[in-house]
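Okay, structure first, notes after.
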Amino acid sequence: MSTLKVGRRAIETSNQHKVLFPGNEVTKGELIAYYHEVAAVMVPHLKGRPLTIQRFPDGIDKNGFYQKDASKYLPDWIHTQKLPKDKGTVNHVICDNPATLVYLANQAAITLHTGTSRVDRVEQPDQLIFDLDPPENAFRSAQEAAELLCALLEELSLPRFAKTTGGKGLHVVVPLRRGWRYRDVRAFADDTARVFELRAPQRLTTAVRRAKREGRLYIDVGRNAYGAHAVAPYSVRPSRGAPVSTPLFSDELFDEDLRPERFTVRSVLERIGAKGDPWASMRTSAVTLTRARTALNKLLAKT
DNA sequence: GCGGTAT
DNA sequence: ATACCGCTTCGGAGT
DNA sequence: ACTCCG
């Protein structure tokens, strides 16, 4: 039990030596130190977004759980926002300062997931996410798919930002100016995915059912929905080696030496120190989908 | 990790 | 007293 | 209407 000063808050931390990642022996203390140090770069990406927290108090080899509703027992300085769900409401944590991140790390919050809208206009997403999910351990095929997808988004004059998920695949994110509602952004995502699939039907699929994928890379667009979420940039994942979902520079995305498992809780801070945050300009790059919608309709008509 | 409820 | 329990949601497509 | 999926 000890106290960590974060800004003007004093955070009580406990069980610093508890091993959360057996195998490489990453402790809760290391998790807390990582989130403390990464906060300056990470918090801007969390600000205003409803958080879904994935916690593993007994380590990643034991069952963890997701937590959205955080109404109970949180210190009053942690911000929350009550949001509607189909039956009732959920009181989400909003992480808008480093101290909140450290507090959550002490709660064994290994992974943080964020919504694609901000709470002040929660029905209007400011991100469009494509999740490229390769079969087996074929990270290379996710890179190839990302190349095709980025070419398509370029044709639609859309900006795009990529990151590793910390798992097998990649996320490609288009920052949006708010205005469109979920159902319209989702329809755009569906149509984009359909065009994308038609360009390499032997390698790509939009089939949700695993049995129908037949070794092809799955392009998942289902995160573009109210109440859905995706792993946050710089979040740790509950897997061997404590991998981190890591934003990439565009020249890194296609580098054949890229090894996402090298981005871990023990290596990412050094990378940020050396190269900075590849997503720093995301907010200022946001666009409307209106023109892209017209261009996409033309591509759809050609099929 | 921790509050709530059953034992 | 301690033991166990809960702790996400969404929609589309397939059956 | 219920299941699978992430």
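The values are calculated or read from the model by the stated rules, or taken from the named source; none is laboratory data. Note that this is a predicted model, so its numbers are computed, not measured. Don't worry about glycine lacking a Cβ; one is built from the backbone with ideal geometry, like all the others, and counts go over all protein chains shown.
Odds and ends about this structure:
- Every condition in (1) more than 16 Å from DNA strand D (Cβ to nearest atom); (2) in a loop (DSSP other than H, G, I, E, B); (3) not β-branched (Val, Ile, Thr) holds for A:TYR226 except the one numbered (1).
- Residue match in region A:245-262 (condition: over 23 Å from A:CYS150 (Cα atoms) and assigned by TED's automatic domain parsing to the domain that holds A:LEU101): yes
- Output for region A:200-223, where each listed residue is more than 11 Å from DNA strand C (Cβ to nearest atom) and within 13 Å of A:ALA146 (Cα to Cα): A:ALA200, A:ARG203, A:LEU204, A:LEU217, A:TYR218, A:ILE219
- Counted residues, region A:111-141 - those being out of contact with any His (no Cβ under 9 Å at 6 or more places or on another chain) and more than 14 Å from DNA strand C (Cβ to nearest atom): 15
- Qualifying residues in region A:43-57 (those that are within 16 Å of DNA strand D (Cβ to nearest atom) and more than 12 Å from the chain's Cα centre (by Cα)) - the one farthest from A:VAL236 (Cα to Cα): A:PRO50
- Cβ separations smaller than 9 Å between residues 6+ apart or across chains give the following pairs from region A:62-76 residues that are under 14 Å from A:LEU104 (Cβ atoms) and in contact (Cβ under 8 Å) with a residue 40 or more places away in the chain to residues that are more than 16 Å from DNA strand D (Cβ to nearest atom) and acidic (Asp, Glu): A:GLY64/A:ASP58.
- Qualifying residue in region A:163-173 (condition: modelled with pLDDT of 95 or more, under 13 Å from A:ARG293 (Cβ atoms) and buried (at least 21 other Cβ atoms within 10 Å of the Cβ)): no
- Candidate set from region A:88-135 (those that are in contact (Cβ under 8 Å) with a residue 60 or more places away in the chain and among the acidic types (Asp, Glu)); member that is nearest to A:LYS62 (Cα to Cα): A:ASP133
- Within this structure, A:LYS62 passes the test of being within 16 Å of DNA strand B (Cβ to nearest atom), among the basic types (Lys, Arg) and assigned by TED's automatic domain parsing to the domain that holds A:ILE272.
- If the condition is being aromatic (Phe, Trp, Tyr) and within 20 Å of A:PHE254 (Cβ to Cβ), then region A:142-196 contributes A:PHE161, A:PHE196.
- Qualifying residues in region A:187-221 (those that are in a loop (DSSP other than H, G, I, E, B) and touching a residue at least 24 places away in the same chain (Cβ under 8 Å)) - the one nearest to DNA strand D (Cβ to nearest atom): A:ARG213
- Residue that is on the phi > 0 side of the Ramachandran plot and among the polar types (S, T, N, Q), where the choices are A:SER157, A:SER141: A:SER157
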